[in-house]
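Read through the structure below, which is laid out as structure tokens, and then see the notes.
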Amino acid sequence: MAGNGGIIGPVIDPTPEVKTTTFLASGTFNTSPVNTPGQVDYLVVAGGGTGGSYYGGGGGAGGYRTSFPGGTKLTVSGPYSITVGGTGSASIFSTITSAAGGGGGGGSSPSPAVPGANGGSGGGGGSQAGGTGGTGNSPPVSPPQGNNGGTANPATSSGGGGAAAVGTSSTSDVASPGGVGSPNSISGGAVFYAGGGSGHKAGGSGGNGGGGTGPAGNGEINTGGGGGGCGGTGGSGIVIIQEPAGNRTAPGVWSMNSVYEYVKESNWSN
């Protein structure tokens, strides 16, 4: 008899695998049997805001909320309805809501100035009358889900805020970039999400993370990027959920000692 706890034959120990579920549109999330209830990492990005009309500011990026890497995981038992926000709409997973990106302020001539709207990240201010940027991280959460939009001058609108930086305020008759988004590798390789849209001038870069360029460039889908000034559409959001590696049953022969230890640790699935 083999010295493996009373079982004759080779001992098989499975390689735990992380399970990642990506939602590009709204749906339902069910936790795996070995992880019910359990804790998961998440990335929840809302839809980006639309760029302002006329000489409008860039749209703010959709709210960016994540536990990955190293943040507080979410305890789940499922199933959960998942909302993936379209342009200017929130994304929701369980208790995590990422606010829609604020729209860019429209240009106006003459006054009053048209400010960017508040949101996950604030929209950039519209030009002609020098609109202020919208407030990001609205409503407030910790860590912050976004940044403010930039302030315009009378000649040029400003960029929308991004997940990692404020939108660029305009100081002269040149293009104003959107705020930079944040990289996240929850799905594997690092991908940037939630970049702000640029102001209305041609040549302005959208924030790295899917932000659209002016005039009227659209934010990239499933990044939460803001639209470019002059009416660019904000990109849709995304929800990604990562369940931890768990010990699962596997075909073959197990040692009795191994089974006992996995059952004791609640890591055995029949």
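Laboratory data are not the source of any read-out in this text; all were calculated from the coordinates shown. Bear in mind that the values here come from a model prediction, so they are computed numbers and not experimental data. So basically every Cβ, Gly included, is an ideal-geometry build from the backbone, and we count neighbours across all protein chains shown.
Structure notes:
- Once the chain from Val18 to Ser77 is taken as fully extended at 0.36 nm per residue, the excess over their C-alpha distance is 19.5 nm.
- Among 163-174, 137-148, 221-232, 200-211, sorting by the average number of other beta carbon atoms lying within 10 angstrom of each residue, highest first, gives 221-232, 200-211, 163-174, 137-148.
- Shape descriptor for the stretch 174-216: Rg over Rh equals 1.12 (Cα atoms; Rh from the Kirkwood inverse mean 1/r).
- Globularity index of the stretch 17-246 is 0.99 (Cα radius of gyration / 2.2 N^0.38 Å, N = number of residues).
- Neighbour net charge for Tyr64 - beta-carbon separation under 15 angstrom, K R +1, D E -1: -1
- Fully extending the segment from Val141 to Thr28 would add 38.2 nm, taking 0.36 nm per residue of separation and subtracting the current Cα-Cα distance.
- Working from Cα pairs under 8 Å separated by at least six residues, relative contact order for the stretch 17-246 is 24 percent.
- Highest to lowest packing among 43-54, 179-190, scored as the average C-beta count within 10 Å: 43-54, 179-190
- Other-chain or far-sequence residues with amide H under 5 Å of Ser157's (modelled H): Ser127, His200, Lys201
- The stretch 125-208: Rg to Rh, with Rh as the Kirkwood radius over Cα pairs: 1.06
- Packing here is the average count of other Cβ atoms within 10 Å per residue, and on that basis the peptides 124-134, 93-103, highest first, run 124-134, 93-103.
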